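The values are calculated or read from the model by the stated rules, or taken from the named source; none is laboratory data. In this text the structure is predicted, and so the values were computed from the model without any measurement. FYI the Cβ positions are ideal-geometry reconstructions off the backbone, even for glycines, and counts take in every protein chain you see. Quick note on the areas: whole protein, heavy atoms, side chains included, nothing else; ligands and nucleic acids left out. Shrake-Rupley method; radii C 1.70, N 1.55, O 1.52, S 1.80 Å.
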Amino acid sequence: MVVSVRSLGLNGISGYEVGAECFLSGGLPAFDVVGLPDAAVREARERVRAAVKNCGVKFPVSRITVNLAPAGRKKAGTVYDLPIFVGLLAAAGELPPPPGDAAFLGELSLTGAVRGVHGVLPMAMKAREIGVRQLFVPAENAAEATLAGGLTVYGVADVRSLAAHLRGQEPLSPAPVWEPEEDGTALPDLGDVMGQENVKRALEIAAAGGHNLLMIGSPGAGKSMLAKRLPSILPDLSRAEALETSGIWSVAGMADPRRPLLVRRPFRSPHHTASAAALAGGGAAMRPGEISLAHNGVLFLDELPEFHRDVLEALRQPLEDGEVTVARVGGTLRLPARFQLVCAMNPCRCGWRGHPDRRCTCSERETAKYVEKISGPLLDRIDLHVTVPPVEYEAMRRREAPEPSAAVKARAEAARSLQSRRFAGTGVTCNAQMPPALVGEFCRLDPAGERLLKTAFDRMGLTARSHDRVLRVARTIADLEGAADIGAAHLAEAVQYRNTDILR
């Protein structure tokens, strides 16, 4: 008798259907798993064997063949333990065949307990898409699976309870749909930063329009401190963004079972020794990299020139396309990577070039060598270039409290609301994502603005890309003021953020 049990697998960050076909036949006892299984899938034989014996059921003495279809696609991980268990006992007559609209996934322990697995959210979303109505997952992953919607999710703690449910003896209770709770953890607040009003303004523009930002200043000026406070002024994730980002984190094994849905935009800050593969993704398991983990959030690169040049150049294509294509021996993978790049760096190796006390010891050649890793194409993709001056003593000792993040966030959210209405139905969510066609439609200038932009284009040597990025930033500045059209003042402020002379 052949019994087929529906299950799911992962291809990158997307789920796909897998059928576990179990067949018991005569001959010498054996237990074979076919269908391009990896080592973890092949080891399911021993886990299933022990789980069957430890749940009070006699293990069938037969030639057992399990085929994981489609057989031409590689199977990885421990997610197939539970469907193999169900199919094996159903083929042996110990359990009734499972319903056709039910799917199973989970890892088994030797005692029969069901352990959690990674990537449950994208698999659950695929299950809903292919017509599955009942999804049996580890109890640890039940809350995450309910986020997909349209499914009756059963959290399975052990195989004994699952067997009793399938026999109709003791039905399992469906898992309640998980609803996000208010996260009481306070984010670092802009109100902690004394002075640096020009940089705070740039952060507000970056948050309102989703723009990339580069901060250059001497040590102790507050670059890292300011960057870490950007999440506190970013607009909240939409439901669609939260599901997409949470799915990536689930595949990477970083989802919190108690809080499976991200409610805050991710903030990733890899060390400067990270490799290009660590940022872009890939590896033997084809895992998402840092730029995908920062999807819909912020990727912060501190000490920018200390990163290897190939790592920085790996950012160029994702910054333009909003996705990264990873080609490895194990296959080709497309991963979403629409992140907001924030960088911080010193003006030279010693860090004190341009400081008022003139204590820089670097020569012109040493300074040029320090910044030469930052290529022109990468710099051209960063919308806002800001100098972070040393903080003055008077600013540090002033008694007036700086503006808190809540006030700045309110303005950024108001600007994003304007952008949401403007780009409704286009797939664009903020000004930084505007394609050239929308730039031409929504970033028209009056005659004074045209003259100003032409002068800047000629004198500053702007490229076609930086021309459009200036207009996008100007559109965001106008949105912050609630202006319907871009004025000359908005454009002038946007142009000053393209001052690449600070790197010379």
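Being surrounded by fewer than 16 Cβ atoms within 10 Å (Cβ to Cβ) and either in a loop (DSSP other than H, G, I, E, B) or of a type outside the set (D, E, K, R) (or both) is the filter here, so list the residues in segment 447-464 that pass it.
The initial filter retains those residues of segment 447-464 that are surrounded by fewer than 16 Cβ atoms within 10 Å (Cβ to Cβ), namely 447-448, 450-451, 454-455, 458-461, 463-464.
Residues satisfying the conditions are 447, 448, 455, 460, 461, 463, 464.
Among 488, 412, which is the only one that is at pLDDT 90 or above, closer than 25 Å to residue 322 by Cα and among the hydrophobic types (A, V, I, L, M, F, W, C)? Break it down stepwise before answering.
Details: 488 fails: closer than 25 Å to residue 322 by Cα.
Within the list 488, 412, the selection yields 412.
Could you name every one of the helices (runs of 4 or more DSSP H) located completely within segment 274-337 that has at least 2 residues being among the hydrophobic types (A, V, I, L, M, F, W, C) and open to solvent by 10 Å² or more (accessible area, probe 1.4 Å)?
Fully inside segment 274-337 and qualifying: 276-280.
Quick one: which of 63, 73 is more than 26 Å from residue 145 (Cβ to Cβ), in contact with a strand residue (DSSP E or B) (Cβ under 9 Å, 6 or more places away or on another chain), at pLDDT below 95 and surrounded by fewer than 19 Cβ atoms within 10 Å (Cβ to Cβ)?
On the way: 73 fails: more than 26 Å from residue 145 (Cβ to Cβ).
The conditions single out 63.
Does any residue of segment 16-26 turn out to be in contact with a helix residue (DSSP H, G or I) (Cβ under 9 Å, 6 or more places away or on another chain), farther than 19 Å from residue 138 by Cβ and of a type in the set (Ser, Thr, Tyr)?
yes
What residue, of 15, 27, 19, is at pLDDT below 95, in contact with a strand residue (DSSP E or B) (Cβ under 6 Å, 6 or more places away or on another chain) and open to solvent by less than 30 Å² (accessible area, probe 1.4 Å)?
Working: 27 fails: open to solvent by less than 30 Å² (accessible area, probe 1.4 Å); 19 fails: at pLDDT below 95.
Going through 15, 27, 19 in turn, the sole match is 15.
Restrict the check to segment 433-446 and report whether at least one residue is open to solvent by 30 Å² or more (accessible area, probe 1.4 Å) and either on the phi > 0 side of the Ramachandran plot or touching a Leu at 6+ places or on another chain (Cβ under 6 Å) (or both). Talk me through it step by step, then tell me what you get.
Of all residues in segment 433-446, those open to solvent by 30 Å² or more (accessible area, probe 1.4 Å) come to 433, 435-437, 440-442, 444-446.
Of the ones still in play, those that are also either on the phi > 0 side of the Ramachandran plot or touching a Leu at 6+ places or on another chain (Cβ under 6 Å) (or both) are none.
No, segment 433-446 contains no residue that is open to solvent by 30 Å² or more (accessible area, probe 1.4 Å) and either on the phi > 0 side of the Ramachandran plot or touching a Leu at 6+ places or on another chain (Cβ under 6 Å) (or both).
Does at least one position in segment 466-475 carry a residue that is open to solvent by 60 Å² or more (accessible area, probe 1.4 Å) and of a type in the set (D, E, K, R)? Break it down stepwise before answering.
Initially, segment 466-475 is screened for residues open to solvent by 60 Å² or more (accessible area, probe 1.4 Å), giving none.
No, because not a single residue in segment 466-475 is open to solvent by 60 Å² or more (accessible area, probe 1.4 Å) and of a type in the set (D, E, K, R).
Mind counting the residues in segment 178-222 that are of a type outside the set (Ser, Thr, Tyr), part of a loop (DSSP other than H, G, I, E, B) and under 26 Å from the mean Cα position of the chain (by Cα)? Don't jump to the end; show me each part of the working.
Residues of segment 178-222 of a type outside the set (Ser, Thr, Tyr): 178-184, 186-217, 219-222.
Those left that are additionally part of a loop (DSSP other than H, G, I, E, B): 178-184, 186-189, 193-196, 210-212, 219-222.
Within this subset, residues satisfying the condition of being under 26 Å from the mean Cα position of the chain (by Cα) are 178-184, 186-189, 210-212.
Final tally of qualifying residues: 14.
Against the conditions (1) open to solvent by 30 Å² or more (accessible area, probe 1.4 Å); (2) assigned to a loop (DSSP other than H, G, I, E, B), where does residue 369 fall short? Just the number, please.
Looking at each condition in turn, residue 369 falls short on (2).
For segment 372-414, what are the residues that are exposed (fewer than 12 other Cβ atoms within 10 Å of the Cβ) and among the acidic types (Asp, Glu)?
372, 394, 400
Can you tell me which residues in segment 213-254 are closer than 18 Å to residue 383 by Cα, open to solvent by less than 10 Å² (accessible area, probe 1.4 Å) and of a type outside the set (A, V, I, L, M)?
Residue satisfying the conditions is 217 alone.
Scan segment 166-179 and tell me whether some residue there is open to solvent by less than 10 Å² (accessible area, probe 1.4 Å) and of a type outside the set (A, V, I, L, M, F, W, C). Full working, then the answer.
Of all residues in segment 166-179, those open to solvent by less than 10 Å² (accessible area, probe 1.4 Å) come to none.
The answer is no, given that none of the residues of segment 166-179 is open to solvent by less than 10 Å² (accessible area, probe 1.4 Å) and of a type outside the set (A, V, I, L, M, F, W, C).
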